[in-house]
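Trainee: First, the structure itself, so that you have it in front of you.
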Amino acid sequence: MRARPGRAAVVAAVLLLALAASLVAAVVIGPADISGSEVARSLWRHLVGADAGPPPLRDAIIWEGRVPRALTAAAVGGGLALCGAVMQALTRNPLADPYLLGLSSGASTGAVVVIVLGAALALPVAAFAGALLALGLTLLLSRAAGSFSPTAVVLAGLAVSSVLSALTSLVIFWSATGDSYREILSWLLGSLGGADWADAALAGVVTLVCAIPLIGSARTLDALVLGDTAATALGVAAARVRVLLFLCTALLTGALVAVSGSIGFLGLILPHAVRAVVGARHRVLLPLSFLAGALFLVWADTLSRTLFEPRELPVGIVTALIGGPVFAVLMMRMKKGRA
């Protein structure tokens with residue numbers, strides 16, 4: 001659990017530079033042959049108000065398409081990785097991720113209902129409401145079971161997730177027809193294909209608002225990892241703090257899932273990868289997990305839209321194809337470390 005401040009500073013600088021370069025690369029790479037100078041002129045036109053810029057069609061591809069999509073990917077990736085690191089500490093479960101408490105299942109249920117009703121414009125609101133409903137049910141069930149302990153919350157989350165997943169399947173089986181099947185499948189697998197400036201603003205603002213208290217709770221999370229008894233001895237109101245951090249994590253996850261759909265593995269593998277490099281102190285782990293998650297999803301989304309162009313893959317497929325083997329490697333390294 002010992003922090004490595006020198007290494008952490010180097011890793012943070014590398015991740016920041018890599019993220020900035022990757023955002024530019026994500027805007028340049030794609031079916032339309034966009035140059036770096038065109039990107040710079042388009043940004044200059046819209047941010048400064050200059051007259052010079054690329055032709056209107058290419059300017060629209062850059063400013064209305066690729067820039068908000070890349071920024072949304074960074075916010076979603078960073079937010080989900082941050083939520084994963086927090087969830088693993090709150091539940092003291094290394095397999096925890098943002099969807100552990102049924103949040104993904106709740107968001108999926110809400111989204112699928114509005115899609116089959118033909119009200120796709122309400123999808124972000126429905127997904128967000130579904131995630132919050134799932135969290136509420138999980139906490140109520142945990143409370144009814146007697147406590148907000150990590151074990152009780154995780155088990156309640158699994159029960160809620162199972163029921164909501166069954167409801168989602170029932171709605172699809174009973175009501176989905178025609179193109180709605182394809183739309184539902186794309187959302188359930190995660191996609192940033194429709195990301196615009198409104199999505200980028202929602203993901204960015206909610207991430208900023210929720211990331212500040214989550215990262216600021218680093219010392220509290222260090223105490224909770226030691227167990228509720230030790231945390232209480234250190235002056236932490238374990239049950240109350242855990243519920244508040246669960247709520248903050250659920251708000252962030254719900255907003256991000258509403259924008260991007262369900263994207264798996266980010267919140268699970270990125271905190272483990274960062275922890276293996278810089279240690280487990282949350283003061284370092286949380287911000288670096290955010291940067292690593294943002295970097296990862298920017299490139300995963302770029303691959304999803306360019307590997308088989310003009311066909312675009314749901315980004316959740318790419319994150320799973322990369323995340324599964326990476327997680328296996330991390331497991332092998334952890335096993336060697338314990339040997």
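Trainee: Out of VAL284, VAL298, VAL277, report the one residue that is under 20 Å from PRO31 (Cα atoms), of a type in the set (A, V, I, L, M, F, W, C), assigned to a helix (DSSP H, G or I) and touching a residue at least 60 places away in the same chain (Cβ under 8 Å). Give the derivation first.
Mentor: Working: VAL284 fails: under 20 Å from PRO31 (Cα atoms); VAL277 fails: under 20 Å from PRO31 (Cα atoms).
The match here is VAL298.
Trainee: Is one or more of the residues making up the stretch 104-111 crowded, with 24+ Cβ neighbours inside 10 Å, assigned to a loop (DSSP other than H, G, I, E, B), touching a residue at least 60 places away in the same chain (Cβ under 8 Å) and touching a helix residue (DSSP H, G or I) at 6+ places or on another chain (Cβ under 8 Å)?
Mentor: Within the stretch 104-111 (the criterion being crowded, with 24+ Cβ neighbours inside 10 Å, assigned to a loop (DSSP other than H, G, I, E, B), touching a residue at least 60 places away in the same chain (Cβ under 8 Å) and touching a helix residue (DSSP H, G or I) at 6+ places or on another chain (Cβ under 8 Å)), the answer is no, since none of the residues qualifies.
Trainee: If you take the residues of the stretch 194-219 that are outside any helix (DSSP H, G or I) and open to solvent by less than 60 Å² (accessible area, probe 1.4 Å), which of them is modelled with the lowest pLDDT?
Mentor: Once the filter is applied, the top-ranked residue is ALA195.
Trainee: Of all residues in the stretch 128-138, how many are in contact (Cβ under 8 Å) with a residue 12 or more places away in the chain and either surrounded by fewer than 21 Cβ atoms within 10 Å (Cβ to Cβ) or small (Gly, Ala, Ser) (or both)?
Mentor: Residues in the stretch 128-138 being in contact (Cβ under 8 Å) with a residue 12 or more places away in the chain and either surrounded by fewer than 21 Cβ atoms within 10 Å (Cβ to Cβ) or small (Gly, Ala, Ser) (or both): 7 in total.
Trainee: Okay, next question. Quick one: in the stretch 1-54, of everything that is in contact with an Asp or Glu (Cβ under 9 Å, 6 or more places away or on another chain) and free of Cβ contacts under 8 Å to residues at least 60 places away in the same chain, which residue is most open to solvent (accessible area, probe 1.4 Å)?
Mentor: The qualifying residue most open to solvent (accessible area, probe 1.4 Å) is ARG41.
Trainee: Return the pairs, sorted by first residue and then second, in which the second residue is aromatic (Phe, Trp, Tyr), the first residue lies in the stretch 69-82 and is open to solvent by 10 Å² or more (accessible area, probe 1.4 Å), the beta carbons are less than 9 Å apart, and the residues are 6+ apart or on different chains.
Mentor: Note: pairs meeting the criteria are LEU71/TRP197.
Trainee: Looking at the stretch 121-158 only, could you name the residues that are among the small types (Gly, Ala, Ser), in contact with a Ser or Thr (Cβ under 9 Å, 6 or more places away or on another chain) and under 13 Å from SER104 (Cα atoms)? Please lay out each step first, then the result.
Mentor: Filtering the stretch 121-158 for residues among the small types (Gly, Ala, Ser) gives 122, 126-127, 129-131, 134, 136, 142, 144-147, 149, 152, 156-157.
Now drop any that are not in contact with a Ser or Thr (Cβ under 9 Å, 6 or more places away or on another chain), which leaves 126-127, 130-131, 134, 142, 149, 152, 156-157.
Of everything in the stretch 121-158, those that are among the small types (Gly, Ala, Ser), in contact with a Ser or Thr (Cβ under 9 Å, 6 or more places away or on another chain) and under 13 Å from SER104 (Cα atoms) turn out to be ALA126, ALA127, GLY130, ALA131, ALA134, GLY157.
Trainee: Among the residues of the stretch 297-325 satisfying the criterion of being open to solvent by less than 60 Å² (accessible area, probe 1.4 Å) and either at pLDDT below 85 or of a type in the set (S, T, N, Q) (or both), which is farthest from PHE265 (Cα to Cα)?
Mentor: Here the answer is THR306.
Trainee: Moving on to the next point. Can you tell me which of (1) surrounded by fewer than 22 Cβ atoms within 10 Å (Cβ to Cβ); (2) among the charged types (D, E, K, R); (3) in contact (Cβ under 8 Å) with a residue 24 or more places away in the chain is the one ARG242 doesn't meet?
Mentor: Exception for ARG242: condition (1).
Trainee: Identify, please: which residue in the stretch 221-275 is among the basic types (Lys, Arg) and over 20 Å from GLY102 (Cα atoms) and is, among those, farthest from the chain's Cα centre (by Cα)?
Mentor: Within the stretch 221-275, the match that is farthest from the chain's Cα centre (by Cα) is ARG240.
Trainee: Tell me yes or no: at least one residue of the stretch 126-145 is at pLDDT below 80, assigned to a helix (DSSP H, G or I) and farther than 30 Å from ALA280 by Cα.
Mentor: yes
The values are calculated or read from the model by the stated rules, or taken from the named source; none is laboratory data. Since the structure is predicted, the reported quantities are computational estimates derived from the model, not experimental observations. As a convention, Cβ positions derive from the backbone with ideal geometry for all residues, glycine included, and neighbour counts pool all protein chains shown. Calculation scope for accessible area: heavy atoms of the full protein, side chains included, ligands and nucleic acids excluded. Shrake-Rupley method; radii C 1.70, N 1.55, O 1.52, S 1.80 Å.
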